[in-house]
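Remarks on the structure that follows.
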Amino acid sequence: MQVLTEIRRAGGISAIPHPFDKLRHHAVRLTSNDVELVDCIEGFNARCLFKTYNDLAYNFGKEYDLAITAGSDAHFLNEVGNGGIITGQENIREAIMKKNVTIYGHRSMVINHAGTKILKLGRSIRGYLDE
């Protein structure tokens, strides 16, 4: 969580992506002890396979009065715009921090996840062959 402190020190917003997605092994797992370091939480991530993971994040954000964002997490062109925020304000940072955004989205197709796995496997094989 030291990174979150540094983000704030630099004037940034600490946003935790897909914090309850159990399929992402490197995701930050938020607890109530971490809330004071967090500015916002991703309440919708289009690449979460299960709706429950997004629901947990959204509800956590509401419970702890965090700003809530959303994102496509696009790995492929057909995923761009699957999730995001809408606001009428020009200053996006300010809109997020004042919770003056509306989140939207729909989950990516499962085939996109399969495509990502295939690409990662191909990179691993290439790396192994190059050694």
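The values are calculated or read from the model by the stated rules, or taken from the named source; none is laboratory data. This is a predicted model, so every value here is computed, not measured. Positions of Cβ are generated from backbone atoms using ideal geometry, with glycine treated the same way; all protein chains shown enter the neighbour counts. Remember, those area values only see protein heavy atoms, side chains included, never the ligands or the DNA or RNA. Shrake-Rupley method; radii C 1.70, N 1.55, O 1.52, S 1.80 Å.
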What FRET efficiency, computed as 1/(1 + (r/R0)^6) with R0 = 22 Å and r the Cβ-Cβ distance, is obtained for Thr52 and Ser124, rounded to the nearest 0.05? 0.15
Segment His26-Asn59, extension gain: residue separation times 0.36 nm, minus the distance between their alpha carbons: 9.8 nm
For q = 0.11, 0.17 Å⁻¹, Debye-computed log10 I/I(0) when each Cα of the stretch 56-131 counts as one equal scatterer: -0.46, -0.77
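Can you tell me the mean projection area, over all orientations, of the convex hull of the chain's alpha carbons? Units nm², please.
Values: hull surface 39.0 nm².
For the chain, the mean projected area of the Cα convex hull comes to 9.7 nm².
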Residues whose modelled amide H sits under 5 Å from the amide H of Thr69, counting only those 5 or more places away in sequence or on another chain, are Ile41, Glu42, Gly43, Phe44
Provide the per residue accessible area, probe 1.4 Å, for the chain, rounded to a whole number of square angstrom. 65 Å²
Which Cα, out of His106, Leu129, Tyr64, lies furthest along the positive dipole direction of the stretch 52-131 (beta carbon charges, K/R +1, D/E -1)? Leu129
Excluding same-chain residues fewer than 8 positions from Lys62, which lysines have a Cα within less than 16 Å of its Cα? Lys98, Lys99
By Kyte-Doolittle mean hydropathy of at least -1.0 and Cα axial length of at least 15 Å, which whole DSSP H helices of the chain are selected? 110-130
Would you kindly state how much longer the chain becomes between Val3 and Ile111 on full extension, computed as 0.36 nm times their sequence separation minus their alpha carbon distance, in nm to one decimal? 35.5 nm
